[in-house]
Amino acid sequence: MSFLFWLLILISGVFVLGYLRTPLIANTLAMAFFIAVITVSGDQPVNSFLLGLIWSVFAFVAVTLNIPMIRRKLISDRILALFRTVTPTMSRTEKEALEAGTVWWDGDLFSGKPDWNKLLKIPAPRLTERERDFIDGPVEDLCKMLDDWKITHEDYDLPTEVWQFIKDNGFFSMIIPRQYGGLEFSALAHSSVVMKIASRSISAAVTVMVPNSLGPAELLLHYGTDEQKEYYLPRLATGEEVPCFALTGPEAGSDASAMPDKGIVCHGEFEGKQVLGIRLNWEKRYITLGPVATVLGLAFKLYDPDHLLGDDEAPGITCALIPTDIPGIKIGDRHMPLNMAFMNGPNYGKDVFIPIDWVIGGKAGVGNGWSMLMESLAAGRSISLPALSTGAGKLTSRATGAYARIRKQFKTPIGKFEGIEEALARIAGFTYMMDAVRVMTAGAVDAGEKPAVVSAIAKFNLTETMRRVVNDAMDIHGGSGICMGPHNFLGRVYQAVPISITVEGANILTRSLIIYGQGAIRCHPYVVKEMQAAKDSNVISASIEFDKALFGHIGFFISNLSRSFLLGLTRGRIATSPVNDSLSLYYKQLTHMSAAFAFVSDVAMMVLGGKLKRKERLSARLADIFSQLYIASCLLKHYEDQGALDEDLPLVQWGCDMALNIIQHRLGEIFRNFPISWVGKLMRLVIFPTGKYFKTPGDRLDHDLATLLLSPSLTRDRLTDGIFVSDNPEDAVGRLETALSKVIESDLVEKKINNAVKTGTLKEGPQESLLKEAVILGIISQQELDVLHDGLVARKNAIKVDAFEQLQTAIQQQNWSKAQ
């Protein structure tokens, strides 16, 4: 046999063993077997001397790699010393942010070998009967009370009766346990409530979601003392206390370490007694519910120059709960966030003295504020904004689909034009995607996870997708979308989009720094272990743990290189799938992309080291790949959880096609822009040895998705389930719902008339005389004429836009001044 033959066998064996992730000892035995076969072969590719040399080298390498003590001394300890010099420094806030939350399915996606069976075995999230009753009862009633045009254009506030209804029915207490008077709802229920209200009024949804998200109640539940919980939680549950949380200031947005707000530990007078406390000075802004809050959650930097608490003069970021009526606090001014009427504004504190007991968690909570916030954000960010975004998507799908069926141009519903179909398909496909991510992520929180990376993925991608869906809807509605008024359901949603983009981690920051920056460390199976070992001051334990992590990491890299190449050669077909249907290939292709993602990540970390932290565009592209892997997982899981219905298949296929194409596109950008060009080219050869093979959704699939929005169906109902749909024909959305069925019915009658005109049975003429003639000739009945008339009236009402007297603009400006 030739040398090339044996070399091919060797290379193939290495790739197969790498693909299978066999342990080091098994690989060693396999190599020994290979050399032994060569030795006894009658057609040896090398002479006896070289064969002996190969055995000698193999024996040395095998002993070195398989005996940990020798391996550490010759290899690991030397690399550990180098690793300590190149590991980037990390601030305390960065460290706490990176360590916040838990690793969940995102860990599987980073593994290069996701366990799809594990994903599908996770119980489908479900609402309880009590939660459904609340959504069908108080939430439905609240939505009926809301007139968003009046709220945002006339009153600039929720009506007094709405505020009272929200408090009386426990809307502020969804996360508070029942023992404290709260509703104690699941994350899915919390999400569903926000989603439904958001489909009616963004201002009302934000008002409800903030007390249930990152705020005093959330922090008290996890970190408060028993006394703090017993005092505040019942009062928050009933609405007796209205909370806000003040974190952001003029000098500190994303960079919390720059926070100038400070507190000095000192003794002071409180209620006539000298007590140990903190003297505070702060300036905050963008604080939702701030103008009406009765209790303020405050984040500040704490200093203890006189060592009244301990040796540390700068304990760090601390959180406290402060009643807003104590001396030194200024509160009540309002911002106006893009014409939304939810309460938002700045607040200030000047020489405010508080007892040390007001720190969340008491003395034990001193200096732990940032870790508290990051842990809470890991869960809270999974719920509110994804729910709001999904509500906007479902509303847009249902109402814009109806509008595209009702509105006609050139005697044809505009939804049947291919250009409109393309936009409608995106609206439907992205809405299905948003709901899938919303439900799966909320389910993770209900299962006890605090999915920090997943929550960032959900927040970023769903708010960005909301922007895209609403923009598409605005293009379809045209003039009726841009003319504000009571009949415009879309305008305020369009205005509100940047708010979601900005809050709870601005999207540019989230994409370029958080998703991958945190994910690469938390979700990688070995990086955290290597970093922890490098910081271990115990020489022996550091050596042992680093050795385990390092060689695990090397095996992980070789495996993902092998898997990327072999799966690329077969375009994913050799991977396993948990299903045996038309979606099977998607699971396999996602496995390929998971391996590719892990492989590229390791190459980037290996080549760039600490510089990767500053390569934000590379990090952003890797974040997009990570995001789309998660999104596609949610789509497949959601489809199975809903019963794997054939009618929903186009939605999940569209979403998976889109996700895989985005992954492929981002990988291409990484290859082209990698700092060392030949490394980028080599990665491309490994991952796509036969060329790129993912395509965007085709025109036929777009047509299928657009069509399902244009008429009532069970699929359309499932897609838009959970939003408020009014049956009032004068309501902005209700008139579209009412008109849709009437227009579809009248179109059948109109089709009879058009056919009669085409065949010459009827002569074209003015509509009124044409219809009379059609009845006389028996082409349509009088009943059908009434149906046609009702459809025409409904269509006219549905496409009507608002108009105002000129003086009204000035009047509204005066109303805003009064509202302030």
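The values are calculated or read from the model by the stated rules, or taken from the named source; none is laboratory data. Being a predicted model, the structure only gives us computed values, none of them experimental. A quick note on method: Cβ atoms are made from the backbone with ideal geometry, for glycine too, and the neighbour counts reach across all protein chains shown. Calculation scope for accessible area: heavy atoms of the full protein, side chains included, ligands and nucleic acids excluded. Shrake-Rupley method; radii C 1.70, N 1.55, O 1.52, S 1.80 Å.
Here are the numbers for the structure shown:
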{"item": "The chain: relative contact order in percent, alpha carbon pairs under 8 Å with at least 6 residues between", "result": "15 percent"}
{"item": "Highest average packing first - 34-40, 705-711, Cβ atoms within 10 Å", "result": "705-711, 34-40"}
{"item": "Solvent-accessible surface (1.4 angstrom probe) belonging to PHE556, in square angstrom, nearest 10", "result": "20 Å²"}
{"item": "Cα centroid separation, the stretch 95-161 to the stretch 656-675 (Å)", "result": "30 Å"}
{"item": "15 Å beta-carbon shell around ASP699, net charge (K/R +1, D/E -1)", "result": "-2"}
{"item": "Centroid-to-centroid separation of the stretch 254-314 and the stretch 162-222 [C-alpha atoms, Å]", "result": "27 Å"}
{"item": "Stokes-Einstein D in µm²/s, Kirkwood radius over Cα pairs - the stretch 208-267 at 10 °C with 1.306 mPa s viscosity", "result": "118 µm²/s"}
{"item": "Cα gyration tensor category, rounded, prolate or oblate, for the stretch 623-760 with a/c compared to 1.5", "result": "prolate"}
{"item": "Label zone at VAL801 (point 7 Å along Cα-to-Cβ), backbone N below 15 Å, the stretch 392-409", "result": "407-408"}
{"item": "With all protein chains modelled, accessible area of ARG467 [1.4 Å, Å²]", "result": "90 Å²"}
{"item": "Calculated diffusion of the stretch 504-651, Stokes-Einstein form, Kirkwood radius summed over Cα pairs, 4 °C and 1.567 mPa s, µm²/s", "result": "75 µm²/s"}
{"item": "Accessible surface of LEU685 - all protein chains present, 1.4 Å probe, nearest 10 Å²", "result": "100 Å²"}
{"item": "Expected 222 nm ellipticity per residue - DSSP helices of 4 or more, -39500 (n - 2.57), all of the chain, to 500", "result": "-18500 deg cm²/dmol"}
{"item": "Exposure rank, largest accessible area first [LEU762, LEU714, LEU770; 1.4 Å]", "result": "LEU714, LEU770, LEU762"}
{"item": "Cα-based convex hull volume of the chain per residue, rounded to whole Å³", "result": "196 Å³"}
{"item": "Relative contact order computed over the stretch 385-430 (Cα-Cα under 8 Å; 6+ residues apart), in percent", "result": "34 percent"}
{"item": "Over 27 Å between alpha carbons, listed pairs LYS742/LYS772; LYS262/LYS611; LYS615/LYS681; LYS588/LYS681; LYS695/LYS751; LYS196/LYS637", "result": "LYS262/LYS611; LYS695/LYS751"}
{"item": "Ellipsoid equivalent to the stretch 167-294 - semi-axes via the Cα gyration tensor, in Å", "result": "29, 20, 12"}
{"item": "Protein-only accessible surface order, largest first, of THR759, THR238, THR102 at 1.4 Å", "result": "THR759, THR238, THR102"}
{"item": "Mean Kyte hydropathy of 1.6 or more with a Cα span along the axis of at least 18 Å, helices from DSSP in the chain", "result": "3-20, 24-40, 48-66"}
{"item": "Where N is the number of residues in the stretch 283-365, Cα Rg divided by 2.2 N^0.38 Å", "result": "1.25"}
{"item": "Cα Rg, Dmax, the stretch 145-187, angstrom units", "result": "13.4, 40"}
{"item": "In range of the label at LEU50: residues from the stretch 1-33 whose backbone nitrogen is under 16 Å from the point 7 Å along Cα→Cβ", "result": "1-11"}
{"item": "Kirkwood Rh in Å, taken over all unlike Cα pairs in the stretch 709-749", "result": "11.0 Å"}
{"item": "Alpha-carbon centroids, the stretch 3-60 and the stretch 422-454: separation in whole Å", "result": "48 Å"}
{"item": "Charge sum, other residues only, whose C-beta stays under 12 Å from ILE476's C-beta, Lys/Arg counted +1 and Asp/Glu -1", "result": "-1"}
